[in-house]
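Accompanying notes for the structure given below.
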Amino acid sequence: MQASDQKTKLISIVVPVYNEQENIEAFYQEVLTAMENIPYQFEIIFVDDGSSDFTPLILDRLRNSDSRVKAIIFSKNYGHQMALTCGMDNAYGDAVITMDGDLQHPPELIPTLIENWERGFEIVQTIRLDTEGQTWLKKITSKWFYKILNMISNTHIYPGGADFRLMDQKAVASFRLFKEKARFIRGMIGSIGYNQISIEFIAPKRFAGKSKFSITKMLRFALDGVTAYSKTPLRLAFYIGVLMFLASLGMVSYVVYVKWFTNEAVLGWATITASIFFLGGLQLLGIGIIGEYVGRVFEEVKGRPLYLVKAYLQKEENTAKTEDLTQ
């Protein structure tokens, strides 16, 4: 690539943040160091996901001191996946890098991502081999979640895949075509194709603070992944229903046999009670699975915006644009 072409190219770095006041400035300095010898222009687009600490004030200070820093402030907390979506909706660099702002996605890997992009790869995906300080329970559940998801889904998702990746603007433009509200971006990126390569890394501990990804959020995230990319739970409920119907026919045949061909007086209250509870539980399970899918259809057909933006912060205008914008 010629030097003149390099100078005109732009790298957009998208960073969702939520109550990260202790990490932002350290992250910013690490990115500056990583980009120091990269022969491209760059911008850092922070997306504040409704923080309740001093995160927006720190972002405002950074954008006032550096025109390469931009910030988008959500009107409330919409979640990590929506913050990533908003960042990519507003990133028009020739390549877009998405990463977290807690330094668990090491900025020193940025040059490696760019090198692979220069080699012709349109999506450079990072794979987290391990995380320092991560509990054994989280490691096991994460490992089996991706195994099961890949078994029941037609879209391959890298086990250990992180939301730390580089995407060519062509791939980002394709990503913007996805409008669903229940977002599982790792699956969405896996489904759009393009020339992809993966890079492995070991995630360090958070620079400061605690993870905002609670157990409840992880379960919701996993459920979004399963329901967005697999119909298997629906089919499984159907298959279980068929099996239980056949088992019920067997039970009826047994009752008829005992009634008409033996002299045994079968009270059977325990068997009947157990059967009612068992079959009722299976029915509720099937209804619950179907209800989960129907509920997601309900959310989609309402056509509400994915997120609301309270303010765009960038130095060019010296003052923030404060307005309610939707996507």
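The values are calculated or read from the model by the stated rules, or taken from the named source; none is laboratory data. Keep in mind that this is a model prediction, so the values were computed, not measured. Cβ: placed from backbone, ideal geometry, glycine included. Neighbour counts: every protein chain shown. The protein model used for the area step is the full one, side chains on, heavy atoms only, and it has no ligands, DNA or RNA in it. Shrake-Rupley method; radii C 1.70, N 1.55, O 1.52, S 1.80 Å.
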Number of the exception - ASN64 against (1) over 24 Å from the mean Cα position of the chain (by Cα); (2) farther than 17 Å from PRO107 by Cβ; (3) assigned to a loop (DSSP other than H, G, I, E, B):
(3)
Of the listed residues (ASP49, ASP53, ASP102, ASP89), the one being acidic (Asp, Glu) and under 15 Å from LEU313 (Cα atoms) is ASP49
How many residues does the stretch 65-81 contain that are open to solvent by 10 Å² or more (accessible area, probe 1.4 Å) and more than 10 Å from GLY50 (Cα to Cα)?
7
Residues in the stretch 43-64 that are among the polar types (S, T, N, Q), open to solvent by 10 Å² or more (accessible area, probe 1.4 Å) and free of Cβ contacts under 8 Å to residues at least 40 places away in the same chain total 2
Go through the stretch 179-216 residue by residue and tally those that are out of contact with any Ser or Thr (no Cβ under 9 Å at 6 or more places or on another chain), on the phi > 0 side of the Ramachandran plot and modelled with pLDDT of 75 or more.
0
Check off (1) in a helix (DSSP H, G or I); (2) open to solvent by less than 10 Å² (accessible area, probe 1.4 Å); (3) at pLDDT 75 or above for LEU149 and give me the number that stays unchecked.
(3)
Exception for ASP94 within (1) open to solvent by 60 Å² or more (accessible area, probe 1.4 Å); (2) acidic (Asp, Glu); (3) over 22 Å from ALA311 (Cβ atoms) falls at (1)
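Rundown of residues vs (1) open to solvent by 60 Å² or more (accessible area, probe 1.4 Å); (2) within 23 Å of LEU177 (Cα to Cα); (3) in a helix (DSSP H, G or I), yes/no style:
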| site | (1), (2), (3) |
| --- | --- |
| GLU25 | yes, no, yes |
| LEU32 | no, no, yes |
| ALA83 | no, yes, yes |
| ILE110 | no, no, yes |
